[in-house]
Each structure stands twice: as structure tokens, then as C-alpha cells.
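Asks: Sharing a structure with you now.
The values are calculated or read from the model by the stated rules, or taken from the named source; none is laboratory data. Just so it is clear, the model here is predicted, and its values are computed rather than measured. Neighbour counts run over all protein chains shown; Cβ positions are idealised from the backbone, glycine included. Side chains included, ligands, DNA and RNA excluded: accessible areas come from the protein's heavy atoms. Shrake-Rupley method; radii C 1.70, N 1.55, O 1.52, S 1.80 Å.
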Amino acid sequence: MKNIMIVFVKLFAGLKDLYPALAIGDAMAVDIPEKATVEQLARQMKIPSFKLVFVNGITQNSDTILSDKDEIAFVPPVGGG
Amino acid sequence: MAKILRIDMGNQTVQWQDVEQKYHQLGGRGLTSRIVSDEVDPQCHPLGPNNKIVIAPGLVSGTSAASSGRISVGGKSPLTGGIKESNAGTNWAQIAGRLRIKAIIIEGMPQDDTWWGIHISNEDVTFFNADEYAGKGLYDAYPKLFEKYGSKTALMGIGISGEQKMSMAGICFSDKENRPSRFAARGGLGAVLGSKHLKFIVVDGQGAPGVEIADEALFKQGRKKLTDALMNHDVTKPGGGLNSYGTAVLVNILNEVGGLPTRNFREGRFKGAGKISGEAMSELCKKRGGVGKMGHGCHNGCVIQCSNVIPDKDGNELVSVIEYETTWALGANCGIDDLDAIGTMTRMCNDMGIDTIEAGGMLGVAMEAGLIEFGDSKGAIKLLEEIGKNTPLGKILGNGTEATAKMYGVVRCPTVKGQSLPAYEPRVIKGIGMTYAVNPMGGDHTAGYTIASEILGAGGKTDPFDRDKAELVRNFIYTTAFIDTSGHCLFIAFAILDIPTGFEGFVEECNGLLGTQWTADDVGRIGKEVIDREIAFNRAAGLGVADDRLPEFMKYEKVAPHEGLWDITDETLDSVLA
Ligand code: SF4
């Protein structure tokens, strides 16, 4: 299984409803192909759209290439203060 | 014509005055800060006879403009020693606007110890004795006052903290179901009202003539454009981010970026963040049912509705509202991950008339000092009870984060100009740190909410770690001062930053109301005038550039997980509003 890596994914706000069993704020482990991008991960997880994505706490974008054990958080458009 | 109502607490008399030309095009913060600058000696004691409280609805408050029921309160702050403007969303603002009250100026102080209330209607202004409500909670007083004056009125009041002239005392306005829950919270203005022995102002809108509008057609055109923008933007629309999860949807996000101050700003991530988040509140409302509700509006006519009603275990009302700042202050900042405990403390703060940010900041410092352990929610509730009982310890705590830090020799004291920092870690999100440092209000996020850009990507995403933000911060601070003048809720910013017709509509509304021909440039110009005046007041009050700085510990204590340090130079800070 050399070509597979594991990443940890969090889903915030309405996106969490896609995976009801996932506890709020928790990460789920996801197997993805090596060198997969954020976009590929989103497609694999059937995330229709997102506004922001954080990889290891840093804002990234759809083209970002992921590494093994990365922590990814998808966020739909939200605001506050 | 709208008038200014001048109230002399020295002899309980009132006077209706014409609005001077120079005030015609001002409302909300622009007007309260202007009158404070014109009439209050910057060197006066904030709790002495020469300070004043000025209250003004925004320019469009009381009209049909969406999300525009904001009331602004100004004066010299006992917490910061500088000028203070604090605002809240409430029907009170709309009624005041419809009564054609341009501003209320409260001055003087009575010679005896009587507590007063004031009732303002279209017919007259009367004083009533409020002694029976003194020393009691606002959850006790508000229903009685609404019973007496009718449920169609709106209330402003101070709690025990204000009576005791504590620096964390805010001014409490009623929400649209008449709860004591909407606060002009920051900067201790409740203590100033306490010094004047004024407990309540009731406004009654029956027979009110309504807000005068110079050009109805233009106003309506602007209103429609702005409303459309709010209804279509993903953040502000019905079922959008703010409506579904409230402001506390930010908890998980700020935690993710390592910018959620935890345990008195020791760390940037909190293990229990998920449990105190907006998503958790939404889940709680669904699970417990009863009166629980997300998507609650603080006043009639808010289309965004970011507020909530949090249910207790039996589905009865625990409290309204738990905001992002509140769940952070009383939660992550204290190492507490229990929403029920946070709700209980929020209710106590509402009842005593306390700013929840200052309360959470103070509790974090008290935990730092070893009075109780981080995470000890029962201990935190006991400390808040001390404030209510007005014990010597309660007196110290009730005077806020900086007073508590001083008393207990705590160096890690997260304040600017004496006011507690809000819920964004400045060592990781540099622009908001710059806002905290240089805006005239002290540690305040609403003065220039760069989080919209730095974290949420509204109006174009910027990198939170980027230090070259003087222009971004300046633009946010000036634009905000204008929004706070208009009477709109600051949360319209998400829609007007991203949707050009929304911004256009926002300016057209103001032009329609006043008969002006303002353009986008005037928004920045007017905002700058407001800020320049506030800074001039602060300088005359003795606050210098050395006060425009973050606490020193942030320069030498790194914050995990990004190991961020505060590294913005003094020159950069001084250039922001120069
Ligand atoms: S968006 Fe929230 S804070 Fe603003 S006016 Fe509406 S309910 Fe009040």
C-alpha cells in the first residue's frame, strides 16, 4: 500500500452534516493517494464546495498538495465577531 | 425635526434642544464621540460630576433599513481613561429613532442616594424612583418594568455592577422579547451611569412620528440593494453561516488556525473548543428542544439574526445570548469546556450588568494568580458571585482584568489601555493585534474587524502572519467608524465588502435619509474624522502613543502551535492612524 497516505480531516459548520457520526471538532482519518491535492480530497469526500481550507492550521487552496499525516479543515462561508 | 434631549441628573430636569448644524449629518458613534469631545473635559474623573453619557441611535435606526437597530453610548471610560463608544442592537434604538431623538445627553449627579429611572414617550419625559430595583438583578427588574410600562416599550439599564461603579459594568438594553441581554458592554460605561444614579431609561414608541427621510425614493432604492446583498451573501443570508451557527461558529476555525487564546493567552488552541462552539450550540438546541433556538434576532428588522437562545437540560431557557466572544472568554480563556457552565455565567453577567469579555479576561487572570484552577467552572461561578455580593474580593474582580492583575501581581495581563483583549490571538493574526493596539477604544476587535479578511477571506483574503497591514487596519478602522455611525450592525460588512451593489445601497440609504451626496470616498473620510476626534480626546486625556501597544509579554512569550510572537514595530503601529 505504498501509494496511499493518511490525512486527518475536520469539517466545520454545515459541512459536518455530511458525516453525522463525526463529533464536532474531531478529525476523521482518510486514506488518499500519495501527492493528492486538497481538491482531490474534497472530491473523494463528496464535499460539494468550501470557502476556506486549512492545512496544519495554515490557509491553503485547492491546488495544495497534501502530505502524509496532514491535518485538513474545510470551512464553508461563515462569519462572526 | 429630531431633537437633543439633555437630562440633568443634578436636579432631575430635562430640556429638548435643537440640533446644531454641525451634528446634522451625524448619528450613532459619530455623534456620541463628537458630543463627548465637544462637552466632556478629557481630564475629568470618569465617575465625577463632569463626565457625561451620550446616547444616540444611528442615522438610519428606526427606519425600515435592514439590521439597523443599533444604539451607541459614549462617555469617558473609567476602564481605559479615554473616550469610549460602545454599541448594541436593540429595539430601544429604533424607538429612539422614531421618537426623533437625535441624542440624549446625561449630565450632573444627584446630591442624595436616590436611584432614578426615566420614562420617555412622545408626550413627555418623566422621572420615577427606582430604589426598589437597586441591589437586585436585571432578570428581576426587567419583567417588572415591562409590566408597568407595557411590553411595547424598550429598556436600558444598569445592574449591580453599575450601581457599585465597577469598571466592568456595561449598559444593558432589552432584546426584542424584552430580555436583559443586549449590551453596550465595553469600557465600564455602566459605572458612569451608576455615578449619576440613573438605573433605567424606558422608551415608549406609541404615537412616535417616525424618522424623517429627505429623499424617500433614494432611501428605498438603497435599502433594497443592501437588503438584497444581505439576503444573498453566504454569511448573512437566512440559513447562512451567522444565522445557523451564530458568531460562535468561529470557535473551531480560530482554534484550527491556532488563534483561539486559551488559558489566559498561554496557548492558541483549546482541546475543548468543539464543545463550546456554535456547532455545539446548534446541536444542543436540536437535542434539548424546548425554547432553544439559533437564528434569533436581537431587534425587530434584523435579517441576519445571529443571536441564540440556549436551552437548559429541560429545554427551558438557560440564557440568551452566547456570542463567540462570550463562549471564548468564559470558556477557552478559562480552560472551561462546559456550555452549561458558560451559559450560567453568561446569565450571571447579564443579571449583574457585566461585560462578558472583561469578566472572562478577569477570570483568566484570577486563575493565573492561583485563586482557582484553570478549568474550574464551579470556582469561576463563585468568583462571579463575589462581585454580586460586593465583597472586597468582588470589588477587585469587578474592576476588571487589569485591576485584578495588579492586585495579584500577574504579569501575563492581556489588556490594551486597561481593557481586556477579545478572542483573537494577536501574535498569530497580526492585523487584529494592530487594531487592538491603535484603535482609540483599547483592546477591542469590533473597532476594525480585520478577521473578516485575515481569517474569513471577506473582501479578499490576507495572510494572518503578514506584518504589512497598516493600510488594511486603517481602512477597516475608518470604515467601521462609519458603519457605527450609520446605525447598521457591523455584520453587514461581510455583504458590503463582497457585493458592490450592497455597498452602493448602504451609501444611498444614508444619502436618501440625509439628502447628502456622499460617495464611497466619504465613507472613509467621515470615518477618519470620527477616529481623529477620538484620538485627540485620548491625547488630551493623557493617553499617548505608548498606550497604543500590546502587553509586553506577547513580545517574549511564544504562543503554540505556531510559536508566534508579537513583532510589529512601534513605527508601523504609529503609522496606522497617523
Ligand atoms: S446580526 Fe446579530 S448582532 Fe447584528 S443586529 Fe442582527 S442579531 Fe443583532
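Asks: Just to confirm a number: summing +1 for Lys and Arg and -1 for Asp and Glu over residues other than B:THR415 whose beta-carbon lies under 14 angstrom from that of B:THR415, what do you get?
Replies: Every neighbour counted, the sum reads -3.
Asks: Sorted by packing (mean other beta-carbon atoms within 10 Å per residue), highest first, where do B:372-378, B:508-514, B:247-253 land?
Replies: B:247-253, B:508-514, B:372-378
Asks: If you don't mind, there's one more thing I want to ask. Using protein chains only (no ligands, no nucleic acids) and a 1.4 Å probe, work out which residues of the range A:35-67 have their accessible area cut by at least 10 Å² relative to the chain alone.
Replies: Going by heavy-atom accessible area, the residues of the range A:35-67 that drop by at least 10 Å² are A:LYS51, A:LEU52, A:PHE54, A:ASN56, A:GLY57, A:ILE58, A:THR59.
Asks: A further question on this structure: Could you work out the relative contact order of the range B:486-578, using alpha carbon pairs under 8 angstrom and six or more residues apart, expressed as a whole percent?
Replies: Reported relative contact order: 13 percent.
Asks: With a 10 Å radius around each residue's Cβ, average the other Cβ atoms per peptide and rank B:131-143, B:494-506, B:433-445, B:191-203, highest first.
Replies: B:433-445, B:191-203, B:494-506, B:131-143
Asks: Then there's this: So what is the accessible area of the range B:298-363 per residue, in Å², with the probe set to 1.4 Å?
Replies: Accessible surface, normalised per residue, equals 20 Å².
Asks: How many nm is it between the label spots at B:ALA578 and B:MET1, if each spot is 7 Å from the Cα in line with the beta carbon?
Replies: 4.4
Asks: Here's another thing I want to ask about it. Between B:LYS148 and B:ASP113, what length comes free when the chain is fully extended (0.36 nm per residue of separation minus the Cα-Cα distance, one decimal in nm)?
Replies: Value of the extension gain: 10.3 nm.
Asks: What percent do you get for the relative contact order of the range A:4-75 when only Cα pairs under 8 Å and 6+ apart count?
Replies: The value is 44 percent.
Asks: Follow-up question, since we're still on this one. Apply the a/c threshold of 1.5 to the C-alpha gyration tensor of the range B:241-424 and tell me whether it is rounded, prolate or oblate.
Replies: It comes out prolate by the Cα gyration axes.
Asks: For B:THR344, what accessible area in Å² do you get when you roll a 1.4 Å probe over the heavy atoms of the protein chains, rounding to the nearest 10?
Replies: Here the accessible area works out near 50 Å².
Asks: From the Cα gyration tensor of the range B:1-129, with a ≥ b ≥ c the square roots of its eigenvalues, which class applies: rounded if a/c is under 1.5, or else prolate if a/b is larger than b/c, or else oblate?
Replies: Taking the square roots of the gyration eigenvalues as a ≥ b ≥ c, the range B:1-129 is oblate.
Asks: Would you mind pulling out the separation of the Cα centroids of the range B:267-292 and the range B:1-46, in Å?
Replies: The distance from the Cα centre of the range B:267-292 to that of the range B:1-46 comes to 42 Å.
Asks: Can you tell me, using C-alpha contacts under 8 Å and at least 6 residues apart, the relative contact order of the range B:3-204 as a whole percent?
Replies: Value for the range B:3-204: 23 percent.
Asks: So how do B:THR346, B:THR391 rank on accessible area, 1.4 Å probe, biggest first, that is with the largest at the start?
Replies: Ranked list, largest accessible area first: B:THR391, B:THR346.
Asks: Then there's this: Report, to the nearest whole %, how much of the accessible area of chain A belongs to carbon and sulfur atoms, 1.4 Å probe, protein only.
Replies: 53
Asks: Could I ask something else about it? Can you give me the Cα centroid spacing of the range B:317-391 and the range B:481-517 in angstrom?
Replies: That distance is 35 Å.
Asks: In whole Å, what is the distance between the alpha-carbon centres of the range B:400-415 and the range B:142-182?
Replies: Centre-to-centre distance over Cα atoms comes out at 29 Å.
Asks: Using only protein heavy atoms and a 1.4 angstrom probe, determine the accessible area buried between A and B, summed over both sides, in Å² to the nearest 100.
Replies: Using a 1.4 Å probe, the pair buries roughly 2100 Å².
Asks: While we're here: Mean Kyte-Doolittle of at least -0.5 plus a Cα span of 27 Å or more along the axis: flag which DSSP H helices in chain B meet both, please.
Replies: Helices meeting the span and hydropathy rule in chain B are B:520-541.
Asks: Also, I was wondering about something else. For peptide A:69-78, compute the average count of partner chain beta-carbon atoms within 10 Å of each residue's beta-carbon.
Replies: Counting other chains' Cβ atoms within 10 Å and averaging over A:69-78 gives 5.
Asks: Only bridges with both residues in the protein assembly as shown count here: give the DSSP antiparallel percent, nearest 5.
Replies: 80
Asks: Using only protein heavy atoms and a 1.4 Å probe, report how much of B:SER151 is accessible, in Å² to the nearest 10.
Replies: Number for this one is 80 Å².
Asks: Between B:GLN21 and B:VAL291, what is the spin-label point distance in nm, taking each point 7 Å from the Cα along the Cα→C-beta axis?
Replies: Taking the simple label geometry, B:GLN21 and B:VAL291 are separated by 5.2 nm.
Asks: Where does chain B land at 222 nm, in deg cm²/dmol rounded to the nearest 500, when only DSSP H runs of n ≥ 4 count, each adding -39500 (n - 2.57), divided by all residues?
Replies: -11500 deg cm²/dmol
Asks: When all protein chains stay in place, what accessible area (Å², nearest 10, 1.4 Å probe) is found for B:ARG70?
Replies: Spelled out: B:ARG70, probe radius 1.4 Å, area about 50 Å².
Asks: Also, I was wondering about something else. Under a 1.4 Å probe, what is the accessible area of the range B:3-204 per residue, stated in Å²?
Replies: 29
Asks: Return the average number of partner chain Cβ atoms within 10 angstrom of each residue Cβ along peptide B:232-242.
Replies: Mean inter-chain Cβ contacts per residue within 10 Å come to 4.
Asks: Please work out whether chain B counts as rounded, prolate or oblate from its C-alpha gyration tensor, where a ≥ b ≥ c are the square roots of the eigenvalues and a/c under 1.5 means rounded, while otherwise a/b larger than b/c means prolate and anything else oblate?
Replies: rounded
Asks: Give the carbon-plus-sulfur fraction of the accessible surface of the range B:241-424 in %, rounded to a whole number; probe 1.4 Å, heavy atoms of protein chains only.
Replies: For the range B:241-424, the apolar C and S fraction of the accessible surface comes to 49 percent.
Asks: Using a Förster distance of 51 Å, how high is the FRET efficiency between B:ARG539 and B:ARG266, based on the Cβ-Cβ distance and rounded to 0.05?
Replies: Here the calculated transfer efficiency is 0.90.
Asks: Quote to one decimal, in nm, the extra length available between B:GLU123 and B:LYS382 on full extension: 0.36 nm per residue of separation minus the C-alpha distance between them.
Replies: Full-extension gain reported as 88.7 nm.
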